[in-house]
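Asks: Can you keep this structure in mind? I'll have questions shortly.
Taken together, the values in this text are just the output of simple stated rules run on the coordinates, not laboratory data. Predicted model only: the values in this text are computed from it and were never measured. Note that each Cβ is placed from the backbone with ideal geometry, even for glycine, and that neighbours are counted across all protein chains shown.
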Amino acid sequence: MHARVLRRLLIVLLALTGIALLWNRFGMTSTMVIDASSPYNAAAFDDRANPGGNSVASVVRANGGLGMDCDLRAGYQWAFCELRLEFAKAPRGIDLSRYDSMKLWVSATGPEAQQRVRIYVRNFDPAYSKAAELESQKVDQLIYEPSAYPQGYEVPLSRFTVSQWWVDEHPMTLELEAPDFRNATQIAFSTGPRVEPGRHTIRIQRIELTGKLISTATFRLGIIAVWMLSVFCYLVVDGLLKRNELRLSAASQSSLQRLNESLRLETRSLAEIARTDPLSGALNRKGLADELTRLVRLGDGQTFPMTLVFIDIDHFKRINDAHGHDTGDQVIRGLSQLVRSAVQRDDLFARWGGEEFLLVFRDTPGLKGRDIAERLRERIACAAWPDGLSVTCSFGVSEWRRGEDLNEGIKRADEAMYRAKQQGRDRVEIELESREATESQPA
């Protein structure tokens with residue numbers, strides 16, 4: 001009886017889930033509109049407060065639109081005019097992070113063939129901002145050419161980047177260098193980079209920020225929670241209904257549990273063996289490929305660039321020939337333990353084959369990876385080894401970028417490692433660009 005009820009409840013729950021997902025996908029939209037009627041203070045700024053600056057900017061309200069006229073004059077090194085719309089006085093602001101995209105109906109004129117506009121969203125955060133210093137607010141920037149999009153330009157907020165000049169003037173941790181829209185105080189429209197002197201105008205017809213009332217990720221998490229609660233309730237009810245029907249002996253249950261545990265442990269052991277090199281304990285090529293695939297699929301934006309580091313034990317054949325393969329195996333195991341103890345847990349370490357190993361550092365530029373490899377090289381050279389051996393390694397470093405074939409990055413690291421061998425061993429070499437690309441560039 002209760003099985004039929006369960007089936008009906010499942011059908012209803014599936015239907016409601018489908019309706020909810022469709023509503024979240026095609027509806028449930030929140031929109032924020034900014035135009036001439038919005039209650040935000042508009043002000044024009046120019047470069048006259050800077051040495052040599054004599055450009056003149058003014059706010060224009062006409063034909064239901066909002067804009068700026070700018071007489072851009074040579075003098076200041078980075079001459080500019082800027083129209084600012086203030087959401088709130090710092091330290092207060094508004095949360096724009098709940099929006100996914102921004103659509104712009106903006107026009108610009110000027111003496112350039114391609115008239116570009118810079119859009120700034122300034123964000124206040126006590127971690128790096130001071131209320132009395134506008135320059136301390138993080139500047140999230142977008143540059144585009146309005147004339148290329150007469151129908152309006154829609155751009156995800158993720159396309160905004162933190163202005164490089166702001167990063168240079170406010171050095172901080174990598175986490176705080178990311179774009180931030182959680183407490184926006186202003187949105188500004190400025191003349192583009194390297195503009196020519198002359199008459200410039202910027203006109204803003206409308207700006208729309210759109211997003212979900214509930215983010216897709218949060219909404220789906222809620223649906224999963226509902227399903228889990230439903231399953232839990234069913235299990236509780238089903239257990240109460242069947243408690244008198246199920247009378248398994250204690251011995252049978254214990255035996256079944258032991259069997260399941262044995263199978264689970266065996267499955268885990270076989271899976272680990274398939275991914276791990278038995279001698280060194282490091283990942284094998286399959287294990288490394290699985291981990292890289294997982295990182296790329298689940299990356300949060302802080303995965304690339306990755307640094308690839310090839311490690312090759314110098315004169316390993318001599319060690320095997322002079323001291324035997326047992327000593328060679330001890331060197332392999334010792335090197336693996338030393339490397340794993342010297343790098344972070346999130347870094348990937350694999351035995352590539354024979355005496356070659358491959359290290360992968362996520363979210364690490366090649367030059368930084370080279371410094372890590374140099375410290376690792378010194379540590380290996382100073383370590384104690386079996387039979388009083390002196391063991392050194394040659395390192396090849398490359399940078400794997402988003403969208404690039406992994407084999408290209410590995411090939412560059414391999415070439416750098418062989419160059420280290422050719423130049424005397426026990427050294428670190430880096431190859432950031434492929435030689436084919438370098439040779440194809442015009443002189």
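Asks: Taking the Cα centre of region 14-90 as origin, work out the dipole magnitude from +1 charges on Lys and Arg Cβ and -1 charges on Asp and Glu Cβ, in debye rounded to 20.
Replies: Numbers: 6 positive and 7 negative charges, 48 e Å.
The dipole of region 14-90 has a size of about 240 debye.
Asks: Mean projection of the alpha-carbon convex hull of region 358-398 over all orientations, in nm²? Write out the running numbers ahead of the final one.
Replies: Details: hull surface 12.6 nm².
Computing the convex hull of the Cα atoms and averaging its projections yields 3.2 nm².
Asks: Test of understanding: express the Cα radius of gyration of region 285-440 as a ratio to 2.2 N^0.38 Å, with N the residue count.
Replies: Values: Rg = 15.6 Å, N = 156, 2.2 N^0.38 = 15.0 Å.
Against the compact-globule rule of thumb, the ratio is 1.04.
Asks: If the only charges are +1 at each Lys and Arg Cβ and -1 at each Asp and Glu Cβ, what is the size of the charge dipole of region 285-440 around the Cα centre, to the nearest 20 debye?
Replies: On the way: 25 positive and 29 negative charges, 58 e Å.
For this selection, approximately 280 debye.
Asks: Something else now. Can you give the translational diffusion coefficient of region 90-167 in µm²/s, computed by Stokes-Einstein from the Kirkwood radius over Cα pairs at 10 °C and 1.306 mPa s? Write down the numbers at each step before the final one.
Replies: Numbers: Rh = 14.1 Å.
The calculation lands on 112 µm²/s.
Asks: For the chain, what does the helix formula give at 222 nm: sum of -39500 (n - 2.57) over DSSP H segments with n ≥ 4, over the residue count, nearest 500 deg cm²/dmol? Mind dumping the intermediate values first?
Replies: Numbers: 10 runs with 164 residues, N = 443.
Value at 222 nm, helices only: -12500 deg cm²/dmol.
Asks: A further question follows. Strictly over 28 Å apart at the Cα level, which of LYS212/LYS286; LYS130/LYS212; LYS286/LYS411; LYS103/LYS368; LYS103/LYS130; LYS317/LYS411 would you flag in this model?
Replies: Working: LYS212/LYS286 40 Å; LYS130/LYS212 31 Å; LYS286/LYS411 18 Å; LYS103/LYS368 38 Å; LYS103/LYS130 30 Å; LYS317/LYS411 23 Å.
In this structure, LYS212/LYS286; LYS130/LYS212; LYS103/LYS368; LYS103/LYS130 exceed 28 Å between Cα atoms.
Asks: Let me ask another. With angles folded into 0 to 90 degrees, how steeply does helix 406-422 sit against the dominant principal axis of the chain? Use alpha carbons for both and round to 10.
Replies: 70
Asks: Okay, next question. Along the positive direction of the dipole of the chain (beta-carbon charges: Lys, Arg +1; Asp, Glu -1; about the Cα centre), which of ILE313, THR364, TRP385 reaches farthest?
Replies: So the residue we want is THR364.
Asks: What does the charge dipole of the chain about its Cα centre add up to, to the nearest 20 debye, if the Cβ of each Lys and Arg holds +1 and the Cβ of each Asp and Glu holds -1?
Replies: Numbers: 57 positive and 58 negative charges, 405 e Å.
Charge dipole, the chain, about its Cα centre: 1940 debye, nearest 20.
Asks: Going through region 12-114, which trypsin sites (Lys or Arg not before Pro) have at most 14 other Cβ atoms within 10 Å and a DSSP loop state?
Replies: On the way: sites: ARG25, ARG48, ARG61, ARG73, ARG84, LYS89, ARG92, ARG98, LYS103; in loops: ARG73, LYS89, ARG92, ARG98.
Those satisfying the criteria are LYS89, ARG92.
Asks: Another question about this same structure. Using Cβ-Cβ distances only, list the Cys residues of the chain with no partner cysteine under 4.7 Å, sorted by number.
Replies: Singleton cysteines: CYS233, CYS382, CYS393.
Asks: Collect residues whose amide H, placed 1.01 Å from N in the peptide plane, falls under 5 Å from the amide H of LYS212; neighbours closer than 5 in sequence don't count.
Replies: Residues meeting the criterion, in which the H sits 1.01 Å from N, are SER30, ASP100.
Asks: Further, regarding this structure: Report, to two decimal places, the Cα Rg of the chain normalised by 2.2 N^0.38 Å (N = number of residues).
Replies: Values: Rg = 30.8 Å, N = 443, 2.2 N^0.38 = 22.3 Å.
Computed over Cα atoms of the chain, the ratio equals 1.38.
Asks: Using the Karplus equation 6.51 cos²θ - 1.76 cosθ + 1.60 (θ = phi - 60°), what ³J(HN,Hα) coupling, rounded to whole Hz, does each residue of region 103-111 give in order, writing x for Gly and Pro?
Replies: Each residue of region 103-111 in turn: 10, 10, 10, 10, 10, 8, 10, x, x Hz.
Asks: Next up: Return one number: the angle in degrees, 0 to 90 and rounded to the nearest 10, between the long axis of the Cα atoms of helix 366-382 and the longest principal axis of the Cα atoms of the chain.
Replies: The answer is roughly 30 degrees.
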